[in-house]
Amino acid sequence: MARTTQHVVNFTNVNRGDVGLVGGKNASLGEMIGALQPKGILVPPGFATTSDAFRSYLASNDLNGAIGQQLDALAGGKITLQTAGKRIRALILGGDWPDEIAEAIATHYRALSEAANEANVPVAVRSSATAEDLPDASFAGQQETFLNVSGEAALLDACKRCYASLFTDRAISYRQVKGFAHEHVALSVGVQQMVRAEDGGSGVMFSIDTESGFPDAVLINAAWGLGENVVQGAVDPDEYQVFKLFLDKPDLTPILEKRLGAKAIKMIHGRDGAPRNVPTSKAERQSFVLSDPEILSLARQAKIIEDHYGQPMDMEWARDSVTGTLYIVQARPETVQSRADMGTLKSYEVIDPGEVLLTGLSVGSAAVAGRVSIIESADDIGRFVDGSVLVTGTTDPDWVPIMKRAAAIVTDHGGRTSHAAIVSRELGLPAIVGCGNATHLLHDEQDVTVSCAGGEEGVVTAGLSDIKITEEALEALPETKTKVMLNLANPSAALRWWRLPVDGVGLARMEFVVNSAVRIHPMALAHFERVTDETARAEIAHLTAGYASKPDYFVDRLARGLSRIAAFCYPKPVIVRMSDFKTNEYADLLGGRDFEPHEENPMLGFRGASRYYSDHYRDGFALECQAIARLRTQMGFDNVIVMIPFCRTPEEADKVLAVMAEHGLERGRDGLEVYVMCEIPANVVRAEEFAQRFDGFSIGSNDLTQLTLGIDRDSDALAPLFREDDPAVLWMIETVIAKAHEVGSKVGFCGQAPSNDPDYARHLVKFGIDSISVTPDSFVQVLRNVSDAESG
Ligand code: PEP
Ligand code: MG
């Protein structure tokens, strides 16, 4: 190597093996340019100063001794961290560039400008410490970044500032904590051509689901303008999630989630070229930063990068506003989930939660009770009370010392890839980010419970609730002949169960997903003109803004909600049951009142199959069918089986199957299977006739017990008599299994009984049930009981 290239190297000349020379960030950029450009990964060109350059700079300015003195004084307690940091930075900033290094930087910069066909091409100048981003030291963002630097003098100045930032107070203390010797850490400066993202957009992505570690989903955050706001958590970004296993199928759109972020501000270049934040326009706030094809393109890039590195990755991306090209501007290994303990599954439950005070995006799945400590600015960090719940607007690396001492973290702003989220995850703390106004709604010393246990929405509730923690060892679980499946209701928590060795989902109640992901009565969307309640009209208009049509809102939200349940165990079967609200529950959906009759006894009323072919609900059912069709054919989840609840007669079954076929769900076509619930005694009595019309049964012991014993399942007074092991109920179960098996039909079980009492599974195994579906908390115990019962 020539002397000049020792101090500065082009990205094209480094690869992942060069961490010692140019630091992790720059080595990784070089690696991607060399190895992944042919595969379609675009990384902006640039160069890096080497660790040799850094050492030469210190040596030629005689700084080593002076810096050492300050550090010794700090170690000896003679001066404070602040004093040491300030003095060392001043020493570095006061140095002069050795001519040959300055010349090498300038030469490379001129070449970059020439290639870009632009005088003084704007560049991003980033620090890359040679001991940063190692797998066990990922508190990234320790050192400075300067965006939109233009011209040689400004570039040399920014490089010097990067050098000095190796000795920010937090970086010094971080290295002390981690035990890295200061003299073994050097700094490489990465100089990368700016992506013109100020009118484009940018963000962060992870090649796995950050909360659950689910390996088959990519998480993307996006905001308008330059990317720093997303990283810092200064903005509430859009969030998208993509299922990886279908990315090689060009006809599919496997986007599991699209959540519109508030995006109140964006970072642009001010008149002097320095970045600054400005408010976004209403149009920007109301639209997604990325189109569907762009979301899929980024997800594909994430997968290519992950495959290349052979491990989950954390990446930053930016979109050029002129060409629309998507660039990857950074990539580093994901450090939390990839090192998590895979042998156990810990879950949390808040007992008797108090009033909901606020909600936001949950980070992790833990819950904790504690006392609020509001810290509005980094200057007040000293006020933080150890062990309390840190409530703040946003965080940056200066906050790490108190984050480490917090019980939980709650922020006003930021998405799941913000600094607060990333650090909380590393520390294993529950955090709720992007709450909007936590710093206003909560007050110091308030007792609260912070829970991320319920799925994607984190909640802060009043008071100190008890928290039940269950830890399941996942090793050495038995294999069973009888399939053991899950009953899932909450799409936002579904990915969390991916490590359970389930045989699929035996019951996903659509009404739960409608409640959480849609919230509007389907008839109110199909016939908005018939909605009379003005408040409901306004809210429906608000929720459906941005969708192609009101019916499309229902189909889109429902399909996406269900897709997460379909994804976590793909390709195992997932039985989605069509909606089974009672009329009073349907009426409670937005706009529902205009479409539901009042019934004295909704449990025995207009519910289940009877609705689907009725003129009063047919158009609503059509939307349910379209959502399933979209899920199976456009999104690709062909593992989804449809189930019909509360089907009173075989004649009803025929009518429902005909309506389904009209709306793209023909039984048998493209492998579509249709099951029926066995939850009415008539289903048992006429089992052979039902078996002819469906691919299988699933026994609902809740309704079957209610209707066999004549006991309202919600009656407290009769609760002691409501027994699923009553001989009459057991007879029903045994009989339907025998009848179904005689004609070659399958029978599963999805009622609550074995979830409440895992011993109940023994009855079912004895009767020869094909599958048992239970809630996640009882899965492991039921699996063990099934295994015992099978072996004798
Ligand atoms: C049942 O009836 O047992 C059942 C699983 O359905 P649901 O509880 O939704 O009525
Ligand atoms: Mg039922």
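Just a few scattered comments:
- Each part gets one Cα centre, and for the stretch 419-490 versus the stretch 1-76 those centres are 40 Å apart.
- Backbone N under 18 Å from the N702 label point (7 Å along Cα→Cβ), restricted to the stretch 622-656: 643-648
- Virtual spin-label span in nm between A73 and D712, 7 Å along Cα→Cβ: 8.0
- Computed from phi, the 3J(HN,Hα) profile of the stretch 785-791 under the Karplus parametrisation 6.51, -1.76, 1.60 (θ = phi - 60°) reads 5, 4, 4, 4, 5, 5, 8 Hz, with x in place of Gly and Pro.
- Mean-position separation - Cα centroids, the stretch 293-317 and the stretch 730-776, in angstrom: 43
- Helix 81-93 axis, angle to the chain major axis (alpha carbon atoms, nearest 10°): 60
- Going from the fewest other Cβ atoms within 10 Å to the most, the residues K655, K39, K746 appear in the order K39, K655, K746.
- In this structure, E376 and E539 have a Cβ-Cβ separation that, at R0 = 30 Å, corresponds to a calculated FRET efficiency of about 0.35.
- Using alpha-carbon coordinates, inclination of helix 650-662 to the longest axis of the chain, degrees: 40
- Compared with the direct C-alpha span, the chain from D157 to E284 gains 42.2 nm at full extension, assuming 0.36 nm per residue.
- Set K346/K739; K249/K766; K266/K572; K39/K550; K244/K582; K258/K346 screened for pairs whose C-alpha atoms are more than 32 Å apart: K346/K739; K249/K766; K266/K572; K39/K550; K244/K582
- Residue order, fewest to most surrounding Cβ atoms within 10 angstrom, among L721, L427: L721, L427
- For the stretch 661-682 versus the stretch 537-605, the gap between their alpha-carbon centres in whole angstrom: 19
- Table column - 3J(HN,Hα) (Hz), the stretch 753-764, Karplus curve with 6.51, -1.76, 1.60, x for Gly and Pro: 3, x, 5, 6, 9, x, 5, 4, 4, 4, 4, 5
- Rounded to 5, percent antiparallel among DSSP beta bridges of the stretch 343-472: 70
- Computed from the C-beta positions of A658 and N756, the FRET efficiency with R₀ = 41 Å rounds to 0.65.
- Simple spin-label estimate for Q176 and R723 in nanometres, 7 Å along Cα-Cβ: 6.8
- DSSP beta bridges confined to the chain are antiparallel in about 65 percent of cases.
- Here I268, I699, I92 are placed in order of increasing Cβ neighbour count within 10 Å, fewest first, which gives I268, I92, I699.
- Residue-span extension gain [R530 to E689] - 0.36 nm each, minus C-alpha spacing: 53.3 nm
- Positive dipole terminus of the chain, leading residue within L298, L252, V774 (C-beta point charges): L298
- The helix-based estimate of mean residue ellipticity at 222 nm for the chain, built from -39,500 (n - 2.57) per DSSP H run of four or more residues and divided by its residue count, is -10000 deg cm²/dmol to the nearest 500.
- Seen against the Cα atoms of the chain and their longest principal axis, helix 292-309 is set at about 70 degrees.
- Environment charge at H308 (Cβ cut-off 9 Å; Lys +1, Arg +1, Asp -1, Glu -1): -2
- Debye log10 I(q)/I(0) for the chain, one point scatterer per Cα, at q = 0.11 Å⁻¹: -1.22
Each value in this text was obtained by applying a stated rule to the coordinates, not by laboratory testing. From a predicted model like this one, the values you see are computed outputs, not experimental measurements. Every residue, glycine as well, gets a Cβ built from its backbone with ideal geometry; the counts of neighbours run over all protein chains shown.
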